[in-house]
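The structure appears below as structure tokens.
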Amino acid sequence: MRLSRARVQEFLADWLGLSLSTATINQCVHEAARALEPVVEQEILESVRNVELLPAPTRADETAWKEHGRVLWLWVFTCATATLFIVGRRTRAMVQHVLGEHFRNWLMSDGYGAYRDQDQRLRCFAHLLRKAHGLEESLDAQAQQFGRHVLDVLETVIAAVYDARGDPAQAEGLRARHAPLLNALLEACRALATDGVHQKTRALARELLNDWGTFWVVLDYPELPLTNNVAERALRHWVIARRIGMGTRTPQGTRAFALLASRIETCRKRGASPWSYIAEVVRQRRRGLPAPPLPMPAG
């Protein structure tokens, strides 16, 4: 709930009449994280790796995280039934560690190069739309023209995808019908990636070229998502928590945070109370018993 240990202490005293030191509260948090570790490592990680191919891919995103002043990255990998958080360096090794060697499902991500080793990858349209709008509003004529060109293509593709979802008969041959439109944009990107005068125009042209195939997968599979908003929303609460608490202070605290956040968000995604489940896990583990399985997804 984005509360410091001192605020948790105050709440327990004022509302429940419990007098606990901040050290005891911290120990309880770490105990809960240790109790949940097998659940996260086995059930949640496996759910993220083995998500069904369609229509909900695994989605990934990352944001900066501080551990006692050291800059790390908070990663999120989320699918229809589970969400995994992990803190570490911003490297390809982190992606490989989470997804494993045999991940063969769709991965929705932003343009960070660490994701490019994945064979079946989607790019988020929202990022491109924001950048294209920025160019369209630029004072540079070349940037305005290219921004408008990209927006026209994206808006046309998005409209075609929505039409195909409403009428599956329109999905047949969707990419072929839009090939001239895409080829024209491809040529514009090739020209501007090297000869563009405007820096952000060159950058967007290169970004499109680097991930060209990943943007248009939705023309082959219209049921796939167009944006990575699910992963971004999963990070939002914890980004606010980071700003309030300034991150974590020790590797143990960082690990506890990631384990608890994974469990909390997975329970919410499955329509279950995270607090009741965590309490039951701690109760069983104190008895020397294995942690109970995750609640099944609602519905």
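Amide H contacts under 5 Å for residue 65: 72, 73, 74, restricted to partners 5 or more places along the chain or on a different chain, H placed in the peptide plane at 1.01 Å from N. For region 118-124, 3J(HN,Hα) computed residue by residue from phi via the Karplus equation (6.51, -1.76, 1.60; θ = phi - 60°) reads 7, 5, 10, 10, 10, 10, 6 Hz, glycine and proline entered as x.
So the label point goes 7 Å from the Cα of residue 117 along Cα→C-beta, right? Which residues of region 217-257 then have their backbone N under 17 Å from it? So the set is empty, nothing qualifies.
Couplings 3J(HN,Hα) for region 6-21, derived from phi with the Karplus relation 6.51 cos²θ - 1.76 cosθ + 1.60 (θ = phi - 60°), are 5, 6, 4, 4, 5, 4, 4, 6, 6, 9, 10, x, 9, 9, 10, 6 Hz, where x marks Gly and Pro. Scanning residues 5 or more positions from residue 108 or on other chains, those with amide H under 5 Å from its amide H are 58, 59, 60, 122, with H placed 1.01 Å from N in the peptide plane. Ranking of 94, 246, 296 by solvent-accessible surface, largest first: 296, 246, 94 (1.4 Å probe, protein heavy atoms only, all chains present).
Put 115, 162 in order of accessible area, highest first, and with a 1.4 Å probe you get 162, 115. Can you give the angle from 0 to 90° between the axis of helix 141-166 and the longest principal axis of the chain, with both taken from C-alpha atoms, to the nearest 10? Rounded to the nearest ten degrees, it is 70. Label separation (residue 70 vs residue 246): 1.7 nm, computed from points 7 Å beyond Cα along the C-beta direction.
Angle, helix 251-269 long axis vs. longest principal axis of the chain, Cα atoms, 0 to 90°, nearest 10? It works out to around 70 degrees. In order along region 271-286, the Karplus-derived 3J(HN,Hα) couplings, from 6.51 cos²θ - 1.76 cosθ + 1.60 at θ = phi - 60°, round to x, 10, 6, x, 6, 5, 5, 4, 4, 5, 4, 4, 4, 5, 5, 5 Hz, and Gly and Pro are given as x. Near residue 4, no amide H atom lies under 5 Å from its own; only residues 5 or more places off or on other chains count, and H is placed 1.01 Å from N. Taking a virtual spin label 7 Å from the Cα of residue 34 along the C-beta vector, which residues in region 277-291 bring their backbone nitrogen under 16 Å of it? What the label zone holds, given the 16 Å backbone N cut-off, is 281-291.
Considering only protein heavy atoms and a probe of 1.4 Å, how much of the accessible area of the chain is carbon and sulfur, as a whole percent? Roughly 53 percent, rounded to a whole number.
The values are calculated or read from the model by the stated rules, or taken from the named source; none is laboratory data. Keep in mind that what you see is a predicted model, and the values were worked out from it rather than measured. Cβ sites come from the backbone with ideal geometry, for glycine too, and all protein chains shown count toward neighbours. Heavy atoms of the whole protein, side chains included, go into the accessibility calculation; ligands, DNA and RNA do not. Shrake-Rupley method; radii C 1.70, N 1.55, O 1.52, S 1.80 Å.
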